[in-house]
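A short worksheet on the structure shown next.
The values are calculated or read from the model by the stated rules, or taken from the named source; none is laboratory data. Small disclaimer: the values here were computed from a predicted structure and weren't measured. A quick note on method: Cβ atoms are made from the backbone with ideal geometry, for glycine too, and the neighbour counts reach across all protein chains shown. Ligands, DNA and RNA are stripped out before the accessible areas are found, and what is left, the full protein with its side chains, is counted by its heavy atoms. Shrake-Rupley method; radii C 1.70, N 1.55, O 1.52, S 1.80 Å.
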Protein chains: 2
Amino acid sequence: MTRQKIESLRALMKKNNIQAYLVFSTDPHQSEYLPQMWERRKWISGFTGSAGDLAVTADDAGLWTDSRYFLQAEQELQNSGIRLFKIGLPDVPTLQEWLAKKLKAGDSVGIDPKVISYGESQKLEAHLKEWKISLKSIETNLVDQLWEDRPGFPGAPITLHPVKYAGEPIESKLERLREKMRDENTSVHILTTLDSIAWLFNIRSRDIEFNPVAIAYAIITNKKAMMFTPMNKITKEVRSQLDGIVDIFGYDDFEEELQRIGETSPKVWLDPNAVNRRIVDLLRPKCELLFKQSPVILFKAIKNEVELAGLKSAHIRDGVAMTKFLHWLENAVPRGGETELSTAAKAEEFRKEQPLYQMPSFATIAGYNEHGAIVHYEPSEETNVELKPEGIFLFDSGAQYLDGTTDITRTVALGTPTAEQKELFTRVLKGHIQLAMTRFPRTTAGNQLDTIARKPLWDVGLNYGHGTGHGIGSYLNVHEGPHAISFYRGIGVPLEEGMVISNEPGYYKSGDYGIRIENLIVTVEDREFSSPDSEFYKFETVTLCPIDTRLIEKSLLSEIEIGFFNEYHRTVRELLSPHLEGDVLAWLHKATEAI
Amino acid sequence: MTRQKIESLRALMKKNNIQAYLVFSTDPHQSEYLPQMWERRKWISGFTGSAGDLAVTADDAGLWTDSRYFLQAEQELQNSGIRLFKIGLPDVPTLQEWLAKKLKAGDSVGIDPKVISYGESQKLEAHLKEWKISLKSIETNLVDQLWEDRPGFPGAPITLHPVKYAGEPIESKLERLREKMRDENTSVHILTTLDSIAWLFNIRSRDIEFNPVAIAYAIITNKKAMMFTPMNKITKEVRSQLDGIVDIFGYDDFEEELQRIGETSPKVWLDPNAVNRRIVDLLRPKCELLFKQSPVILFKAIKNEVELAGLKSAHIRDGVAMTKFLHWLENAVPRGGETELSTAAKAEEFRKEQPLYQMPSFATIAGYNEHGAIVHYEPSEETNVELKPEGIFLFDSGAQYLDGTTDITRTVALGTPTAEQKELFTRVLKGHIQLAMTRFPRTTAGNQLDTIARKPLWDVGLNYGHGTGHGIGSYLNVHEGPHAISFYRGIGVPLEEGMVISNEPGYYKSGDYGIRIENLIVTVEDREFSSPDSEFYKFETVTLCPIDTRLIEKSLLSEIEIGFFNEYHRTVRELLSPHLEGDVLAWLHKATEAI
């Protein structure tokens, strides 16, 4: 199947006189999760992970993905004729290096200029130029020409995200943005990332699974704010609420408006990592361009007091649902018949009972035993297995509530854990606790903290391949920049007060089991340590749910770590108890007993 | 004095029709330490630190330096009319941002294209362009036009660095370099950094204080290796030894050769962070250019077995000298009359007694009490103070031996330390030990380890402003890239087997005292943890000298840390004892007793 598609693509490549074609895993908005119509790399390669770029030449093909997807990609690319390149491993060539070896001077590499960011395309072009290979924009995506039953535009209506959840009216957000635009002498700012647009205009929609965003572009000038989105998404109510604040146009009117804007030769602010190359190609001939990260990125990442209150409230409800789920799980597994898929569905049921619940914030990762070792495993009908009262079970799930987004991982023992499992769970927990307890000076970047969570595993010669934490939106995307706690993302981005981030170290024993413990944490001022000369920050953990004490080898934890852990469980008990009763309440009390 | 010089510079700026002029702290070779003739920023501003760029406009002037020099720059710039900008502190504008605010569209900023790297000039130019400000190359440095008694070219002879210390003949180094050149399809490589040239050609000289390098340029083609250096530096012996391997030309012939090379339009490999803008301006019209870090940087950083054996041997000799010094210091201070300068001289005396000693590897930092809080304090006749049998004394020194370079800091109590001093010394030591003990997976970059040394201070709301470790040469520069253990340098550069780096956390209480503990460490394979799937590394400490146990608050150290510390002292005692006798030997035994 995949082999046939690749062969058809090669025929189109020949027609277009290009020697390679690149199929990226993103869309015109640089989305991580895509609407089906733009899942071109998935359709043509069969690899279903969220990150992975495909390069096809006349006689070879390669796919580059990161460690989250190494195992999954190996399985899904079997017999596809596509080589897997594992990003970050020693001696693995980059896509650019591979292209340089496969092609010769004078060759052309085709791309769809809408699905590569301007910044990425610049780097790629510069690299290929060293080898006298050129980048060629091909207007109509070649995959689209092959994909006969390609789905159409999703048509979910846009809803307003009220100030009681957003915490700030659109006008105020626009004012802050325009101040930054003035600081940079720019009169136009282009926004293309969907969560930035949703944040700025206080809107939400359902165009993309898990991400409550609307497919749209936005242009903000010093006088006007314009949104470009399919008109069938706009209800009367939304139109009247946005009236006088945001002008609404059709999605396809965007390029025309870009042309019109060019006529006055303004200075336009573009985020090089967000806008696609096509936009730059349209504006460059007429406008002066400033390439710099959009101020909206940082505005959105720093949650206001209303958003933080919502986040905490949502986490009480999510904790109640998760506690009910874990209690149910403990009783259901020995009865038999429960599977990875059925437990994922059950957790969603418990969440649906909670006020303000909207939808899952990502596809639940329910990984029993060896499936837990596949970092982003998503159970399907083909892979689904029954849970038995033995082994360990990794469960990573989250929800979108109107007042906040959650993302939590718990790893639980379904039987009696082995000594090795207990040691490794405890080392992961130790890293998790150490990070949660860290106190650090202002201007510290997230990447400076990544090793803290990793070190208890390094101490015994082990490691995990993913970052330790990602930013998270407020009833928005579960992955959000610019900050991260990672060795490879968010480098040099200081953690600011009000940023929300995950704390999720793990350990994965390939073919055997996986462990991950994930809570969300918020950067807050450390009042005890802060002085006028030197401001200190610390984290506040907001996720509320018991951590399985049966997997803990207490002798590996320090007194301070045990104290922190027991205090966390005390808080969980205190905040969740009022919302639980009967058996579940009794289970919570037992599960959060001091160790 | 400084005010007058700046006014004269402004007159020249007017003549040259530029609205600002930049005086960088480097030279045509991007050196950190400069020969006097190129210390233009120091001459005109009065600021003597090794890092700091000066910008002068018609009515204002600013100097940007990093935290190592905050206190020193404050003192030296008093009444100079030059504002101090502290890099890295919140809300401090960058030099570019400041220029953008001070100047207006259409203005020009003058630079000497020889004393800015191509990479830096590109960034600066792009930034200024956003504000319609242009960068203007001025061939004759404006400071040189004012500096009447500017020193001339240093004329130290070049000596050969024999293979018994270098571990690899020139031919083999050239072969490895040419292989990399072929991999990149380049036939010419330009080297301009002095330590890279010294490493490649196995030569040393004394043109720069502390750095045993020769002022030179080099051009390596697939067939020839050319060195450009003042002819009076070349002895008959050197000429005959290099004959047939390296062709020697005058320093001033370099630009002419660049022109000649252009005639065949080769593809030339340039390191954008090393070559100056002038070189690129000369080559660009005729050649295809590859901008990429020189392979020599990594070759030089990864020490071979001969260099590592030399390093260890040099550290025994250096440890002997330091032990004699510390023993002497303990007795000399109570006798009275010793000062920061006299102790620095005494340490050098002890080192001079050692075989293969050449010179200090940097200016000794001997900081008594509050002087210790100035991170790069260098005592002078004006600041020199007498040491009394009270307070604490920070002593950071190092030496060049033919077989290796050393860099060591010890902080010692001259009287009875306070509880606060003991706590903070112990926290610095704790960070130092934690880093020395770290075991980490291959591909880990130095920046991932910086926080490990910092955390014991963060835990009580404190920090230090500098990085934790720098690379170090082999009878070469005491500061060497590409690796570092730092939050701001060497980001993403993996630590490789054979890299040497310093481990030097500190704590500085402004106006009171400073603490720093520095040993050199080498990255080695961690055989216990390495498997075919996952290679692990660890550090081996090579510096051998007692750490003052009177400053240790033992209750703050874990059992493991105490064990590591005692084992370190046991090694120091074992390796140094055979070279000491009498009182000094007895002192060493006492100083290295288990705590």
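Using Cβ point charges alone (K and R +1, D and E -1), the dipole size of the stretch B:318-435 about the Cα centre works out to roughly 420 debye. Once both labels are positioned 7 Å from their Cα atoms along Cα-to-Cβ, the gap between A:M37 and A:I595 label points is 5.0 nm. Give me the percent relative contact order of the stretch B:132-252, please, defined on Cα pairs under 8 angstrom at least 6 residues apart. Result for the stretch B:132-252 is 24 percent.
Using the Cβ-Cβ distance between A:K86 and B:K14 with R0 set to 56 Å, the FRET efficiency from 1/(1 + (r/R0)^6) comes to roughly 0.40.
Each DSSP beta bridge with both residues in the stretch B:18-91 is either parallel or antiparallel, and the antiparallel ones are about 65%.
Can you give me the relative contact order of chain B as a percent, contacts being Cα pairs under 8 Å and 6 or more apart?
On the way: 1256 pairs, mean separation 65.3, N = 595.
For chain B, the relative contact order is 11 percent.
Protection proxy ranking of A:448-459, A:138-149, B:24-35, by the mean of other Cβ atoms within 10 Å over each peptide's residues and highest first, is A:448-459, B:24-35, A:138-149.
Across peptide A:439-448, how many C-beta atoms of other chains are within 10 Å of each residue C-beta, on average? List each step's numbers first, then the result.
Values: counts 5, 7, 7, 1, 5, 5, 4, 0, 8, 8.
Rounded to a whole number, the mean comes out at 5.
Per the 1.4 Å probe, what fraction of the accessible area of the stretch A:422-559, in percent, lies on carbon and sulfur atoms?
Numbers: 1790 of 4030 Å².
Carbon-and-sulfur percentage of accessible area, whole number: 44.
Note on A:E7 and A:E381: the model spin-label points, each 7 Å out from Cα along the C-beta direction, lie 2.8 nm apart.
Before I look further, what does the protein assembly as shown give for accessible area per residue, probe 1.4 Å, in whole square angstrom?
Numbers: 46410 Å² over 1190 residues.
Result: 39 Å² per residue.
Fully extending the segment from B:T235 to B:L575, taken as 0.36 nm per residue of separation minus the present Cα-Cα distance, adds 118.5 nm.
Shape class of the stretch A:290-353 from the Cα gyration tensor (axes a ≥ b ≥ c, square roots of the eigenvalues): prolate, since a/c reaches 1.5 or more and a/b is larger than b/c. Note: relative contact order over the stretch B:540-595, using C-alpha pairs below 8 Å and six or more positions apart, is 51 percent. At the residue level, B:R3 shows approximately 140 square angstrom of accessible surface with a 1.4 angstrom probe and all protein chains present. Applying 1/(1 + (r/R0)^6) with R0 = 45 Å to the Cβ-Cβ distance of A:T418 and B:K132 gives a FRET efficiency near 0.10. Using a 7 Å offset from Cα along Cα-Cβ at B:E288, what residues in the stretch A:115-130 end up with backbone N under 17 Å from the label point? So the set is A:125-130.
Total Å² of accessible surface buried at the B-A contact, 1.4 Å probe, nearest 100? Mind showing how you got there, number by number?
Values: alone 24620 and 24640 Å², together 46410 Å².
Protein heavy atoms only, the B-A interface buries about 2900 Å².
By the Cα gyration tensor, the stretch B:379-438 has an equivalent ellipsoid whose semi-axes, rounded to whole angstrom, run 24, 22, 8 from largest to smallest. Overall, the ratio between the Cα radius of gyration of the stretch B:374-522 and 2.2 N^0.38 Å, rounded to two decimals, is 1.08. Taking each residue as 0.36 nm, the span from A:E390 to A:D183 lengthens on full extension beyond its C-alpha to C-alpha distance by 68.4 nm. Cα-based radius of gyration for the stretch A:75-158, normalised by 2.2 N^0.38 Å, reads 1.38.
How many Cβ atoms of partner chains, on average, are near each residue of B:369-382 if near means within 10 Å of its Cβ? Before the final figure, lay out the partial values.
On the way: counts 0, 0, 0, 0, 0, 0, 0, 0, 0, 0, 0, 0, 0, 0.
Neighbouring Cβ atoms belonging to other protein chains average 0 per residue here.
Remark on chain A: Rg and Dmax equal 24.5, 74 Å (Cα only).
Quick check: the distance between the Cα centres of the stretch B:38-72 and the stretch B:541-560, to the nearest angstrom? Here the two parts' Cα centres lie 38 Å apart. Cα-based values for the protein assembly as shown, radius of gyration first and Dmax second, are 31.7, 96 Å.
Ranked highest first by the average count of other Cβ atoms within 10 Å around their residues, in what order do A:310-319, A:394-403 fall?
Numbers: A:310-319: 22.3, A:394-403: 24.7.
Averaged packing, sorted descending, gives the order A:394-403, A:310-319.
Have a look at A:P212, A:T235, A:F201 and report the one farthest towards the positive end of the charge dipole of the stretch A:161-241, computed about the Cα centre with Cβ charges (Lys/Arg +1, Asp/Glu -1). Result: A:T235, furthest along the dipole toward the positive end. Percentage of Cα-Cα pair distances in the stretch A:219-334 greater than 21 Å, rounded to whole percent? Value for the stretch A:219-334 (Cα pairs over 21 Å): 61 percent.
Hey, what angle do you get for helix B:118-130 against the long axis of chain B, alpha-carbon based, 0 to 90 degrees rounded to 10? Here the helix axis deviates by roughly 70 degrees. With a Förster radius of 25 Å applied to the beta-carbon distance between A:S510 and A:E125, the computed FRET efficiency rounds to 0.10.
What translational diffusion coefficient, to the nearest whole µm²/s, does the stretch A:353-453 have by Stokes-Einstein, given a Kirkwood radius computed over alpha-carbon pairs, a temperature of 4 °C and 1.567 mPa s viscosity?
Numbers: Rh = 16.1 Å.
The Stokes-Einstein estimate is 81 µm²/s.
I need the Kirkwood Rh of the stretch B:214-256: take the reciprocal of the average 1/r across all distinct C-alpha pairs and report it in angstrom.
Details: mean 1/r = 0.0947 Å⁻¹.
By the Kirkwood definition, the hydrodynamic radius is 10.6 Å.
Kirkwood analysis of the stretch A:130-219, using all unique Cα-Cα pairs, places the hydrodynamic radius at 16.3 Å.
Okay, helix-only estimate at 222 nm for chain B: each DSSP H run of n ≥ 4 adds -39500 (n - 2.57), divide by all residues, round to 500 deg cm²/dmol; what do you get?
Details: 19 runs with 208 residues, N = 595.
Calculated mean residue ellipticity at 222 nm is -10500 deg cm²/dmol.
The Cα center of the stretch B:102-151 and the Cα center of the stretch A:222-298 differ in position by 37 Å. Of the residues B:I374, B:A594, A:A73, the one whose Cα sits farthest toward the positive end of the charge dipole of the protein assembly as shown, with +1 on the Cβ of Lys and Arg and -1 on the Cβ of Asp and Glu, is A:A73. Working from label points 7 Å from Cα in the Cα-to-Cβ sense, the B:A309 to A:N222 distance is 7.2 nm. Taking every Cα-Cα distance in the stretch B:457-595 and sorting them into 10 Å bins from zero, the calculated P(r) comes out as 10, 30, 37, 21, 3, 0 percent. About its Cα centre, the protein assembly as shown has a charge dipole of approximately 1920 debye under the convention of +1 per Lys or Arg Cβ and -1 per Asp or Glu Cβ, with nothing else charged. Given in Å, the Rg to one decimal and the Dmax to the nearest whole number for the Cα atoms of the stretch B:1-114 are 13.5, 37.
With N as its number of residues, the stretch A:261-405 has a Cα radius of gyration that, divided by 2.2 N^0.38 Å, comes to 1.54. Counting only other residues whose beta carbon sits under 12 Å from that of A:S510, what net charge do I get with K and R as +1, D and E as -1? Charge balance near A:S510 sits at -3. Legend: mean number of C-beta atoms from other chains within 10 angstrom of residue C-beta atoms, peptide B:460-472, equals 2. Across q = 0.19, 0.26, 0.27 Å⁻¹, the stretch B:481-533 modelled as identical point scatterers on its alpha-carbon atoms has Debye log10 I(q)/I(0) values of -0.82, -1.06, -1.08, in the order of the q list.
Is the stretch A:130-182 rounded, prolate or oblate when judged by the Cα gyration tensor, a ≥ b ≥ c being the square roots of its eigenvalues, rounded requiring a/c under 1.5 and prolate requiring a/b larger than b/c? Intermediate results must be reported in sequence, preceding the final value.
Values: a/c = 5.11, a/b = 1.59, b/c = 3.22.
Oblate, since a/c reaches 1.5 and b/c is not below a/b.
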